[in-house]
Amino acid sequence: MKYKYFLFDWDGSLADTLPIWFEGFKKVFAKNGIQVTNEVIGREVIGDWLGPERLGITGSENFFEELEAEVIDRLNNAILNPGVFELLSKIKKNGGKIGVVTASRKRWVKGALRKNNLRDLVDVFLGKEDVEYVKPDPEGVLKALGLMQGKTNEALMVGDNEKDIVAGKRAGVDTGIYFPSRYEEYYTRDKQLGLGANYIIQDFGEMEKFL
C-alpha cells in the first residue's frame, strides 16, 4: 500500500452534504437579512465557525442553533459520495486505517455514519468538540494519526475544501482535494486546483491505486 493511514473530511468529502449545507446557510443568512452566494459560503463559511460573524451576524451561537434546526434531519439521512463505501471497505480489507476529521459537531455526523454502515469501517472519528482548534489547524489531523499510531509519511488527508488541504500540509501529510465537476457550483475551479494538493480526486475509485 502506498498509504496505510487515510484521513478524510466528512462534509462534501465522504458525505454528499454540500447541497444541504449551502441551502441551509443561505436560508439562515436570509432570515438574518444577509444575502450570500455559493462562492462566499464556500470561501468564508464552510468549516469556519467564525465565518458568519465576519459576514455581519451578531450572536453566532444563535445562528448555528437556527442552522442546526434547518439541516439536522437531512444530515442524518445524508448519502455518501459515489465510490466512498467501496473505497473504505477496500482500505480496511487491505489492512489500512481510516480516520474522519471534521469541523462539524459530532451529532451532525453520527446519524449518517450509522445509516451508511460506516461505524465499523472508521477507526477514529474526531469532531469540533474533540479539538481546541479546527482545520486549517493541523491539530485534528495529528490527533487522529496519533490515535491510530500512524506516521505522517504513511498518511493521506483528503478533503473538498482549502482548510482540509492546509491542515494536511501543516501536519506534514500528503493531501488530496476531492473536486468532481459538479462541485464547480460551490467552489471556484482555479482556486481548488491551485491549492497545491498532491492529488486531485474526481472520483473516489481513483484512490484504489493507493492500496
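Readers should treat all values here as calculations from the given coordinates under stated rules, not as data from a laboratory. These numbers were taken from a predicted model, which means no experiment stands behind them. For neighbour counting, all protein chains shown are included, and Cβ atoms are generated from backbone atoms with ideal geometry for every residue, glycine included.
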Partner aspartates and glutamates for Lys115 [C-alpha distance under 18 Å; skip if fewer than 8 residues away on the same chain]: Asp9, Asp11, Asp16, Asp73, Glu86, Asp123
Measure of compaction for the chain (Cα Rg per 2.2 N^0.38 Å): 0.97
For the chain, size of Cβ-based charge dipole, Lys and Arg +1, Asp and Glu -1, in debye: 660
Normalised contact order of the chain, rounded percent, pairs of Cα under 8 Å and 6 or more residues apart: 27
Over region 1-40: Kirkwood hydrodynamic radius from C-alpha pairwise inverse distances, Å: 12.2
Counting DSSP beta bridges with both ends in the chain, the antiparallel % (nearest 5): 5
Unit Cα scatterers, Debye sum, region 18-76: log10 I(q)/I(0) for q = 0.20 Å⁻¹: -0.66
5 angstrom amide H check on Leu80, placed H, neighbours 5+ away: Asp16
Filtered chymotrypsin sites (Phe, Trp or Tyr not before Pro), region 76-166: DSSP coil and at most 14 other beta carbons within 10 Å: Tyr133
Exposure proxy ranking, count of Cβ atoms within 10 Å, fewest first, for Ser60, Ser104: Ser60, Ser104
Size of electric dipole in region 18-76: Cβ of Lys, Arg +1 and of Asp, Glu -1, about Cα centre, debye, nearest 20: 220
Given Lys90/Lys163; Lys110/Lys169; Lys31/Lys169; Lys2/Lys27; Lys4/Lys135, the pairs whose alpha carbons are separated by over 32 Å: Lys31/Lys169; Lys2/Lys27
Net charge over other residues, Cβ less than 15 angstrom from the Cβ of Gly111 (K, R count +1; D, E count -1): +4
